[in-house]
Amino acid sequence: MNTNRLLEKQNAQQIAKVLTEALPYIQRFKGKTIVIKFGGNAMVNEDLKRSFAHDVVLMKLVGINPIIVHGGGPQIGNLLKRLGKVSEFVDGMRVTDSETMDVVEMVLGGLVNKEIVNLINRAGGKAVGLTGKDGDFIHARKITLQKTDSEKLAPEIIDLGHVGEVESIDPSVVDMLGHSDFIPVIAPIGVGKDGHSYNINADLVAGKVAEVLKAEKLLLLTDITGVMDKQGNLLTGLTIKDVDTLVADGTISGGMIPKTRCATDALKGGVSAVHIIDGRVENAVLLELFTDQGVGTLLH
């Protein structure tokens with residue numbers, strides 16, 4: 001047998017091994033809903049975007065119901081910069097006046113959302129783009145911050161403009177789409193009782209959607225390997241109690257705190273498991289779902 005034939009046979013055997021390993025996971029998750037927060041480098045690298053789209057289409061083809069919630073902070077910042085508008089942040093949240101909110105809706109609900117929809121459709125799926133205003137399914141309430149100053153008698157109230165949090169979710173539209181041939185792709189824009197649009201953190205929206213739909217899993221794609229210990233080693237499995245301990249001793253800090261809080265809230269709300277995974281790895285979603293090793297941190 002020549003070298004090429006031998007390599008072809010070895011490749012075929014490896015593919016068969018991978019499919020065999022994936023089979024019990026496919027059987028376990030068939031008919032289940034899995035919510036995926038799509039963000040970070042996975043949204044800007046062309047190869048990663050294509051691999052993500054193929055991952056999602058494969059999930060749908062084997063009977064899993066993927067629901068996509070996406071971010072778009074860098075894209076919003078880039079367009080605001082091109083328009084000559086300076087972005088202002090308070091505690092990591094973008095101050096969003098009416099003009100900025102118009103840009104947020106245009107980028108999240110238009111450019112980014114439709115690009116993801118197009119990627120999934122080109123990969124052979126049937127994606128439908130939504131914002132929380134469609135079907136009135138994400139109800140938002142306005143966020144205000146209080147800053148305490150020892151020199152002032154009363155705390156300072158900071159108005160962030162059109163920045164909101166999830167008040168409630170009507171899952172009927174997303175549930176209907178998810179249990180049909182379609183793959184919902186959700187931009188994290190909600191509507192308040194005042195009729196105004198509100199920009200909401202995509203992690204929070206993904207967590208709440210997973211809770212309401214009683215999803216089997218919530219996957220949060222990030223730009224890091226996962227939750228790390230103080231020595232820089234990946235923590236592959238954590239409980240809610242573990243997370244509380246790691247936050248208290250400073251092991252989990254900075255931007256990872258809201259992500260892990262989102263994860264623990266989803267677990268408390270009935271989601272079976274949350275995965276914080278490295279979106280910089282090609283086919284990260286499939287590796288985490290269908291292999292024994294995985295590519296991130298599992299919270300349960």
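None of the figures in this text is laboratory data; all of them are computed from the coordinates on show. Computed from a predicted structure; not experimentally measured. Cβ: placed from backbone, ideal geometry, glycine included. Neighbour counts: every protein chain shown.
List of remarks:
- Prolate/oblate/rounded label for the range 1-86 (Cα gyration tensor, a/c 1.5): oblate
- Per residue, the convex hull spanned by the Cα atoms of the chain amounts to 163 cubic angstrom.
- Normalising by residue count, the range 189-300 has a Cα convex hull of 119 Å³ per residue.
- Cα shape, the range 104-245, gyration tensor, a/c 1.5 rule: oblate
- Length added when fully stretched, MET106-ASP249, from 0.36 nm per residue minus Cα-Cα: 47.4 nm
- Anisotropy class of the range 47-148 from Cα gyration tensor, a/c 1.5 cut: prolate
- Listed peptides 256-266, 24-34 by packing density, highest first (mean Cβ within 10 Å): 256-266, 24-34
- With 25 Å as the limit on Cα-Cα distance, the pairs of LYS208/LYS230; LYS37/LYS241; LYS37/LYS85; LYS214/LYS241; LYS17/LYS259; LYS126/LYS193 that go past it are LYS208/LYS230; LYS37/LYS85; LYS17/LYS259; LYS126/LYS193.
- Taking every DSSP bridge with both residues inside the chain, close to 40 percent are antiparallel.
- Rounded to the nearest Hz, the phi-derived 3J(HN,Hα) couplings of the range 165-181 under the Karplus curve 6.51 cos²θ - 1.76 cosθ + 1.60 (θ = phi - 60°) are 10, 6, 8, 7, 9, 9, x, 4, 5, 5, 4, 5, 5, x, 9, 10, 7, where x marks glycine and proline.
- For VAL69, the residues 5 or more places off, or on other chains, whose built amide H falls under 5 Å of its own are ILE36, LYS37, PHE38, ILE186.
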